[in-house]
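Student: One structure, pasted below without further comment.
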Amino acid sequence: MTHKSPTICAHAGITRRRFAAGAGAAGLLAGTAPLHVARAQGGSLKVGVLLPRSGAQAQIGQDCQRGVEIAPAIFKELGLPDLTIMNADTETNVEVARARAEKLINDGAQLLVGAFDSGQSTAIAQVAEQKGIPFVINIAAAPPITEQGYKFVFRNFPTAPMILSDAFTNQKEIYEAAGTAPKSVVFMHVNDTFGTSMQQGISAVMPKFDMPYKIVEQIAYDATARDLSVEIAKAKSTGAEALLMVSRLNDAILLTRELVKQRWTPMAVLSMGPGWYEDQYLKTLGKLSDGPLNFVPWYDPHKKMSKQLEAALAKAYPGINLNTNHVFTFEALLVAADAFKRARSTDPKALADAIRATNITDNVSIGPGIQFNEKGQNDKLKNAAIQNRGGKLVIVAPKAASNAKAELPMSAYDKRG
């Protein structure tokens, strides 16, 4: 079933005023609500948006929802057609994600978007393909999702090997500019679908890049763990100079607190996933959040639409940094609206054909734009290196998309006041 908000009685006839009021309630809007952007084709496209609005990934799912909420004004400027958003909560659970996808389709959703998490997105992709309903993935990196020969599944987000390749390239650029690099790292990762995909990717991709460091220890841990003291103690005992991380939000906070408690400041924290750049991480830890380098899918600050998106987010959510969650959720809806405009139809096959022919060059993410190969994957995406700096996120690589220089090594935690 679709998620029911405790404060909003959601139904197809919800008014524009009630939608606008509810949309700001921590991204927990449920049911069906019109995303009014511009009248076209005599009717709107019903888009089911599946996100983990509760459970272990709730804060990130709610952050992704902000990418939905800031889309209308920009879409209106672009002359894109109406979307009617049908929100559902996956509860950070694979089986719930599968059931909610089926419910959305039964309730009339003509296209699905989601679901941040690779495991949940895999389940939704299976449902979408079986039902013949287009599914545009906003965030999910596990390679198998677009290796199944699916005809209705599209991903405007890099795979784990793409993330890793760009991460190593951007790291080397940073080390060269800084004149220093770690010689040894501990690789720590969550043991979920994404973390496991990244672990497998490390083994396959890293040898191709002649990195200056060796991995002296690998440590996997549960993403829902409430105590990671043993893992940090084990990492510290290796004498490694840096941490190579694949995390989520809650564990990134726990790990940082353990680093402080155990009086260990690595030369660098090198993150290749979410967590370390989230606003909740920055706000919860304050000065202790400074320093980590994040090698992630990001936005090009020099693009016109990036500036529009930043302005829209600042207006709706003052003090919130534009990040991956907003960017790729927004772009997933951009793909849907663009395809609907060209297809001039809500027919699933017509929509899928239109998505397959997507060629959006005015976008936000780094790279030449949004196109899909024969597998439904945008393989032209490029990632960035960003660094936490005083509660802000600056882009330090690649040079063409950067707006600052990296600070390396990290300043000691006990010297930050």
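The values are calculated or read from the model by the stated rules, or taken from the named source; none is laboratory data. Everything quoted here is computed from the prediction, not taken from an experiment. Every residue, glycine among them, receives a Cβ derived from its backbone with ideal geometry; neighbour counts consider all protein chains shown. When the accessible area is computed, the model is the full protein with side chains, heavy atoms only, and any ligands, DNA or RNA have been set aside. Shrake-Rupley method; radii C 1.70, N 1.55, O 1.52, S 1.80 Å.
Student: Might you tell me the accessible area per residue for the range 118-201, computed with a 1.4 Å probe and given in Å²? Walk me through the numbers before you get to the answer.
Tutor: Values: 2550 Å² over 84 residues.
For the range 118-201, the solvent-accessible area averages 30 Å² per residue.
Student: Let me ask you something else. Toward the positive end of the charge dipole of the chain, about the Cα centre and with charges on Cβ (Lys, Arg +1; Asp, Glu -1), which of SER306, PRO292, PRO368 goes farthest?
Tutor: SER306
Student: Using θ = phi - 60° and the Karplus relation 6.51 cos²θ - 1.76 cosθ + 1.60, list the HN-Hα couplings for the range 189-195 in order, rounded to whole Hz, with x at every Gly or Pro.
Tutor: 3J(HN,Hα) across the range 189-195, in whole Hz: 8, 5, 9, 8, 4, 5, x.
Student: Oh, and also: Could you work out the local net charge near PHE209, counting Lys and Arg as +1, Asp and Glu as -1, over the other residues with Cβ closer than 14 Å to its Cβ?
Tutor: Summing Lys and Arg as +1 and Asp and Glu as -1 gives -1.
Student: May I pose another question? Which whole number of Å³ per residue matches the convex hull of the alpha-carbon atoms in the range 270-323?
Tutor: Roughly 85 Å³ of hull volume per residue.
Student: Got a sec? Charge dipole of the range 377-417, +1 on Cβ for Lys and Arg, -1 for Asp and Glu; which of SER402, LEU381, TYR413 is way out at the positive end?
Tutor: Going by the charge dipole, the pick is SER402.
Student: Calculate what fraction, in whole %, of the accessible area of the range 245-391 sits on carbon and sulfur atoms when a 1.4 Å probe is rolled over the protein chains. Walk me through the numbers before you get to the answer.
Tutor: Working: 2540 of 4960 Å².
Its accessible area is 51 percent carbon and sulfur atoms.
Student: Could you give each residue of the range 377-389 its phi-based ³J(HN,Hα) in whole Hz, using Karplus coefficients 6.51, -1.76, 1.60 with θ = phi - 60°, and x for Gly or Pro?
Tutor: 10, 7, 9, 9, 5, 10, 9, 10, 10, 10, 10, 6, 9
Student: Something else now. Sum -39500 (n - 2.57) across every DSSP H segment of at least 4 residues in the chain, then divide by the residue count to get the 222 nm mean residue ellipticity, nearest 500.
Tutor: Details: 13 runs with 158 residues, N = 417.
-12000 deg cm²/dmol, from helical runs alone.
Student: Sorting check: for 365-377, 131-143, which peptide has the highest mean count of neighbouring beta carbons within 10 Å, and how do the rest follow? List each step's numbers first, then the result.
Tutor: On the way: 365-377: 18.8, 131-143: 24.2.
Per-residue mean Cβ counts within 10 Å order the peptides as 131-143, 365-377.
Student: Would you grab the residues whose amide H sits under 5 Å from the one on LYS382? Only those 5+ places off in sequence or on another chain, please, with H modelled 1.01 Å from N.
Tutor: ILE366, GLY367
Student: What is the distance in Å between the Cα centroid of the range 295-360 and that of the range 68-127?
Tutor: Rounded to whole Å, the Cα centres lie 14 Å apart.
Student: Dipole size in debye (nearest 20) for the range 102-163 around its Cα centre, Lys and Arg Cβ +1, Asp and Glu Cβ -1?
Tutor: Values: 4 positive and 5 negative charges, 21 e Å.
Computed about the Cα centre, the dipole is about 100 debye.
Student: Another one. To the nearest 20 Debye, how big is the dipole of the chain about its Cα centre, given +1 on the beta carbon of each Lys and Arg and -1 on that of each Asp and Glu?
Tutor: Values: 46 positive and 38 negative charges, 177 e Å.
It works out to roughly 840 debye.
Student: What does the convex hull of the Cα atoms of the range 342-417 come to per residue, in Å³, rounded to a whole number? Don't skip to the end; give the middle numbers.
Tutor: Working: hull volume 11.9 nm³, N = 76.
In the range 342-417, the Cα hull volume divided by residue count equals 157 Å³.
Student: Can you check how the C-alpha radius of gyration of the range 127-245 compares to 2.2 N^0.38 Å, as a plain ratio? Don't jump to the answer; show the numbers that get you there.
Tutor: Values: Rg = 17.2 Å, N = 119, 2.2 N^0.38 = 13.5 Å.
In units of the 2.2 N^0.38 Å rule of thumb, it is 1.27.
Student: SER184's amide H: which non-local residues (gap 5+, or another chain) put their own amide H closer than 5 Å, with H modeled 1.01 Å from N in plane and none for Pro or chain starts?
Tutor: So SER184 has HN proximity to LYS214, GLU241, ALA242.
Student: Enter the accessible area per residue of the range 266-417 (Å², integer; probe 1.4 Å; all protein chains in place).
Tutor: Working: 5710 Å² over 152 residues.
Dividing the accessible area of the range 266-417 by its residue count gives 38 Å².
Student: Next question, about the same structure. For GLU77 paired with ASP227, estimate the spin-label separation in nm (one decimal), with each label point 7 Å from Cα along the Cα-to-Cβ line.
Tutor: 5.1 nm
Student: Ranked highest first by the average count of other Cβ atoms within 10 Å around their residues, in what order do 63-70, 402-409 fall?
Tutor: 63-70, 402-409
Student: Something else now. May I ask you to work out the translational diffusion coefficient for the chain at 37 °C, viscosity 0.692 mPa s, via Stokes-Einstein with Rh from the Kirkwood sum over Cα pairs, reported in whole µm²/s?
Tutor: Working: Rh = 21.5 Å.
Stokes-Einstein gives a translational diffusion coefficient of 153 µm²/s.
Student: Using just the alpha carbons, could you tell me how many Å³ per residue the convex hull of the range 58-212 encloses? Each step should come with its number before you reach the end.
Tutor: Numbers: hull volume 23.7 nm³, N = 155.
It comes to 153 Å³ per residue, whole-number rounded.
Student: Could you sort the peptides 72-81, 180-189 by per-residue average Cβ neighbour count (10 Å cutoff), highest mean leading? Walk me through the numbers before you get to the answer.
Tutor: On the way: 72-81: 16.9, 180-189: 20.3.
So the order, starting with the most tightly packed, is 180-189, 72-81.
Student: Sticking with this structure for a sec: For the range 116-132, in order, what is each residue's ³J(HN,Hα) by Karplus, 6.51 cos²θ - 1.76 cosθ + 1.60 with θ = phi - 60°, in whole Hz (x at glycine and Pro)?
Tutor: 6, 9, 5, x, 5, 5, 4, 5, 5, 4, 5, 5, 4, 5, 4, 8, x
Student: Now for a different question. What's the FRET efficiency of LYS405 with ASP210 using the Cβ-Cβ distance as r and R₀ = 22 Å, to the nearest 0.05?
Tutor: On the way: r = 23 Å, r/R0 = 1.06.
It comes out at approximately 0.40.
Student: Do any of LYS307/LYS341; LYS76/LYS103; LYS76/LYS341; LYS304/LYS405; LYS315/LYS382; LYS287/LYS415 go past 18 Å between their Cα atoms, and which?
Tutor: On the way: LYS307/LYS341 24 Å; LYS76/LYS103 29 Å; LYS76/LYS341 13 Å; LYS304/LYS405 22 Å; LYS315/LYS382 28 Å; LYS287/LYS415 10 Å.
Exceeds cut-off: LYS307/LYS341; LYS76/LYS103; LYS304/LYS405; LYS315/LYS382.
Student: List every residue whose amide H lies under 5 Å from the amide H of ARG53, counting only residues 5 or more places away in sequence or on a different chain, with H placed 1.01 Å from N in the peptide plane.
Tutor: HN-HN under 5 Å from ARG53: THR90, GLU91, THR92.
Student: With unit charges on the beta carbon (Lys/Arg positive, Asp/Glu negative), name the residue among VAL190, GLN62, ILE174 whose Cα is farthest towards the positive pole of the charge dipole of the chain.
Tutor: Farthest towards the positive end: GLN62.
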